[in-house]
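Enquirer: Right, I'll just put the structure down here and ask away after.
The values are calculated or read from the model by the stated rules, or taken from the named source; none is laboratory data. Every value quoted in this text rests on a predicted model; they were computed, and no experiment measured them. Neighbour counts are summed over all protein chains in view; Cβ atoms, including those assigned to glycine, are modelled from backbone coordinates with ideal geometry. In case anyone asks, the SASA skips ligands and DNA or RNA and just uses the protein heavy atoms, side chains included. Shrake-Rupley method; radii C 1.70, N 1.55, O 1.52, S 1.80 Å.
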Amino acid sequence: MAVTRNLAGRAGRWSAAHWKRASVGWFALTFAAFFAASAVGLNRLGDSQSGSGETARAESMLRHADFLSPARESVLIQARDGSRVAGTPRLQSAEASLVQTLSGLAVVGDVARPVLSRDGRSSLIQFAITGSADTADKRVQPALDAVAAAQAGNPTFRIEEFGMASANHVIGETVTNDFRRAEYTSIPVTLAILLLAFGALVAALLPVVLGFTAVLGAIGLSILLSHAYPIPSFMDSVILMMGMAVGIDYSLFYLQREREERRRGESPAAALLTAARTSGRAVLISGVTVLIAMAGLFFAGNPIFTSMGLATEIVVLLAMVGSVTVLPALLHALGDRVDRGRVPFAGGGRRGEGRAWRAILHPALAHPKLAVLGAGGLLLAAASPALSIHTKLPSFTDLPHDVPIVRTYERLIAAFPGAPTPAVVVVRAPDVTAPAVRDQIAELERRALASRQVRAPISTRVSPDRTVAEIDLPLVGTGDDRASMRALALVRGTLLPQTIGSLPAAEYATTGVAAATEDFNALMKQRLPIVFAFVLALAFVLLLLTFRSVVVPLTAIVLNLLSVGAAYGLLTLAFQHTWFEGVLGFTSNGGITSWLPMFLFVVLFGLSMDYHVFIVNRVKELADRGLSTEEAVRQGIVRTAPSVTSAAAVMVAVFAIFATLSLLQFKQLGFGLAVAIAVDATIVRAVLLPATMKLLGPWNWYLPRWLEWLPNGEDAEIVREDEERAARRGAWTISPPVPAAGAPATGRPSRSPGSSSPSSQSPSAARSARTS
């Protein structure tokens, strides 16, 4: 048996030898983390902690003054027949009763006097939920009950509540129900796909079990970590989606290779170690690439991205470690019992699948230039709509319109524009109640109303130590549309400098929905190039070290960027415009969730590397054994086709489930990932990759002479494995490579482009041949 040199091979050998310790340790770790986290609970990243730029500065000023801005709630009162209600006894009675009831609740404070709309058809009562705004959704239920009782006692009116607390209360329930449905749906769908792939229940269950335990462990560790660094409440959904997709893919790659080696006649031990050395190595490279990509989120400069990066890094790391340790341990323990539970008519389509992939590959390899131009042009055309992408933070309009509170919000915005989502001006001074400061705040309110970009009612609150004032300016528009952005620009650029800005000892900053969207988008424009550069540079270095080629990482980066670009473009068509609304069952909100482009890039770039590394690793393995580039590409893709097809089907299925969830940001995330993986596994890997490698030929493995010092031990190991197979079977299964002039007998013909004949090599190739 050849000595297994790479890390994955050593891990597989150790796990097989200590299978009880490896498997029990894994399940103990993941379940212990999950149950410990359940006892501790999540420390959620609140809205006031997730701002950027001036928004973050405003929130910081409030926190440092111990000014806990309460969650503001609004009650809208309208006649059901749409008639005027101003001055009617019925309205006055309903208002007085509701104000009295709300004022008597312990969780309610600062109940304002009712305000009439301009057309006299609506009345607005505003109040606050006492305590921190970040946890107000846990205390809002008594107010909701009081409003519901008022509605029951006044059937001719429409009496509805809306605000951050009540909306987050509804969103929290929606997310919880969605997460439960996604969990219950993704596992059986994944199991069905794997049953078709393996044709055996035990083999299909292994990836599901490992993926699900990785998710449980990652959720537990993320919750525990949240007490040092808070994470958003929706992170469970992201961990589930990433963990099931990545964990199952990694296990599937490993298991498919082990089954393939067994079908070729290898003993269970030899098949397992071959899978560990080859597919296990590809899993490690793919996993590290995903970790590198996700690490790019740490450069985004926003707490949401940092927490998302931490959580996804944990689940990818667990999935990777489980695949190269626990999976070989379980395979060793099960032996041939992994094929138990055979399913009729399943798992037997490998030959047919191989013929299908040969049929797909034939035109790409026969006409590589045409294939590159056609497929590349198609992806560029799909990416072109992304040039007009418009991003915005998630808002209440992103909820399904069949949710009652969304219709309440729309009616509230129509009657009182800007009231639910005002611009919040924070003023800090030695004493904000001093006459000079009060005069400028009053002047700000006067000019704001006179500009017609701000609507009544304007409200002002002062911190207990009188060093901070908070002024709510209801902007025109819906809070995050173009009208609101123009109004915000007026407030920030003109009104504040002319009023509060004239006070020498005062400072100010603006927060709110419009301000948060503006600042977040500005931060993304600034940080996106940094994230791109970090991810691409480290991915290049990793692939350079892995394949000892400068061409492989360059082609990988270009092909992956094409996949990401196509996903951006199709996402823009689907959600920013109205092309697919009827098909996908949602209403366009005119924009893409602000955090999605950066998150999609790092996730898609990492996931696309899974297929690329897995395929190219097999192609390199065959090329190292002496096959021509074209034949290595053909056999490499055909042999990996079952794994790639099944892995892509699993990923697309899991991501598509998330595209059916209620929140628009999850719809966009699931749609973008599902489309990108489908495009990547078909157009990119079946057409562009083989055609590009065919055109490049031996240049695929080009390494400049000055980089020949890079470590290399894999080639000799492959040849030793072939020699041992030949000794066991009495004949070579694949012809050994013919060494180039001056090359060691067990080495590859050459790392540089050109044939093995010195006369046909380019000067650079000849130089490399002397040192390879």
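Enquirer: When you look at VAL550, is it in contact with a Pro (Cβ under 7 Å, 6 or more places away or on another chain) and of a type outside the set (Asp, Glu), yes or no?
Expert: yes
Enquirer: I've got another one for you. Kindly indicate whether any position in region 116-131 is among the acidic types (Asp, Glu), at positive phi and modelled with pLDDT under 90. If you could, list the steps in order and put the result at the bottom.
Expert: Just the residues of region 116-131 that are among the acidic types (Asp, Glu), to begin with: 119.
Imposing the further condition that a residue be at positive phi reduces the set to none.
No; the residues of region 116-131 include none that is among the acidic types (Asp, Glu), at positive phi and modelled with pLDDT under 90.
Enquirer: When the residues of region 310-320 are filtered to those that are aliphatic (A, V, I, L, M) and farther than 17 Å from ARG277 by Cβ, which remaining residue is surrounded by the fewest Cβ atoms within 10 Å (Cβ to Cβ)?
Expert: First, the residues of region 310-320 that are aliphatic (A, V, I, L, M): 310-311, 314-320.
Next cut, farther than 17 Å from ARG277 by Cβ only: 310-311, 314-319.
Details: LEU310: 21, ALA311: 27, ILE314: 23, VAL315: 30, VAL316: 29, LEU317: 19, LEU318: 28, ALA319: 29.
Looking at the filtered set, the residue picked out is LEU317.
Enquirer: Okay, moving on. What about ARG452, is it under 38 Å from the mean Cα position of the chain (by Cα) and surrounded by fewer than 17 Cβ atoms within 10 Å (Cβ to Cβ)? Talk me through it step by step, then tell me what you get.
Expert: Working: under 38 Å from the mean Cα position of the chain (by Cα): no; surrounded by fewer than 17 Cβ atoms within 10 Å (Cβ to Cβ): yes.
Answer is no for this residue.
Enquirer: Given (1) open to solvent by less than 60 Å² (accessible area, probe 1.4 Å); (2) at pLDDT below 90; (3) touching a Ser or Thr at 6+ places or on another chain (Cβ under 6 Å), where does LEU68 come up short, assuming only one miss?
Expert: (1)
Enquirer: Can you list residue pairs whose Cβ atoms sit under 8 Å apart, with the first residue in region 128-141 being under 18 Å from VAL175 (Cβ atoms) and the second being of a type in the set (Asp, Glu) and modelled with pLDDT of 80 or more? Count only pairs 6 or more apart in sequence or on different chains.
Expert: VAL140/GLU73
Enquirer: A further question on this structure: Taking the criterion of being surrounded by fewer than 22 Cβ atoms within 10 Å (Cβ to Cβ), among the hydroxyl-bearing types (Ser, Thr, Tyr), under 30 Å from the mean Cα position of the chain (by Cα) and under 17 Å from ILE193 (Cβ atoms), would at least one residue in region 634-643 satisfy it?
Expert: No, every residue in region 634-643 fails to be surrounded by fewer than 22 Cβ atoms within 10 Å (Cβ to Cβ), among the hydroxyl-bearing types (Ser, Thr, Tyr), under 30 Å from the mean Cα position of the chain (by Cα) and under 17 Å from ILE193 (Cβ atoms).
Enquirer: Next up: Is it the case, given these coordinates, that ILE592 is touching a residue at least 60 places away in the same chain (Cβ under 8 Å) and more than 30 Å from ALA514 (Cβ to Cβ)? Quick ask: steps written out before the conclusion?
Expert: On the way: touching a residue at least 60 places away in the same chain (Cβ under 8 Å): yes; more than 30 Å from ALA514 (Cβ to Cβ): no.
For ILE592, the condition - touching a residue at least 60 places away in the same chain (Cβ under 8 Å) and more than 30 Å from ALA514 (Cβ to Cβ) - is not met.
Enquirer: Looking at region 263-271, can you tell me whether even one residue there is open to solvent by less than 20 Å² (accessible area, probe 1.4 Å), of a type in the set (Asp, Glu), assigned to a helix (DSSP H, G or I) and closer than 21 Å to ARG13 by Cβ?
Expert: No, that holds for no residue.
Enquirer: Quick test for you: out of THR185, THR174, pick the one residue that is in contact with a helix residue (DSSP H, G or I) (Cβ under 6 Å, 6 or more places away or on another chain), of a type in the set (Ser, Thr, Tyr) and assigned to a helix (DSSP H, G or I).
Expert: Among THR185, THR174, only THR185 is in contact with a helix residue (DSSP H, G or I) (Cβ under 6 Å, 6 or more places away or on another chain), of a type in the set (Ser, Thr, Tyr) and assigned to a helix (DSSP H, G or I).
Enquirer: Do we have any residue at all in region 223-236 that's open to solvent by 40 Å² or more (accessible area, probe 1.4 Å), out of contact with any Ser or Thr (no Cβ under 7 Å at 6 or more places or on another chain), on the phi < 0 side of the Ramachandran plot and of a type in the set (S, T, N, Q)?
Expert: Yes, region 223-236 contains a residue that is open to solvent by 40 Å² or more (accessible area, probe 1.4 Å), out of contact with any Ser or Thr (no Cβ under 7 Å at 6 or more places or on another chain), on the phi < 0 side of the Ramachandran plot and of a type in the set (S, T, N, Q).
Enquirer: List pairs: first in region 215-236 and under 13 Å from PHE34 (Cα atoms), second among the acidic types (Asp, Glu) and modelled with pLDDT under 85, Cβ under 7 Å, 6+ apart or cross-chain?
Expert: Pairs found: ILE219/ASP236.
Enquirer: Just give me the residues in region 361-396 being more than 23 Å from LEU663 (Cβ to Cβ) and basic (Lys, Arg), in sequence order.
Expert: Hit for region 361-396 is LYS369, nothing else.
Enquirer: Return the total of residues in region 403-449 being in contact (Cβ under 8 Å) with a residue 60 or more places away in the chain, part of a loop (DSSP other than H, G, I, E, B) and not hydrophobic (A, V, I, L, M, F, W, C).
Expert: So the answer is 6.
Enquirer: Looking only at region 215-239, count every residue that is among the hydroxyl-bearing types (Ser, Thr, Tyr), within 18 Å of ASP178 (Cβ to Cβ) and not in a helix (DSSP H, G or I) and tell me the total. Quick ask: steps written out before the conclusion?
Expert: Pass one, region 215-239, residues among the hydroxyl-bearing types (Ser, Thr, Tyr): 222, 226, 229, 233, 237.
If we keep only those that are within 18 Å of ASP178 (Cβ to Cβ) as well, we get 233, 237.
Remaining after also requiring not in a helix (DSSP H, G or I): 233.
Selection size over region 215-239: 1.
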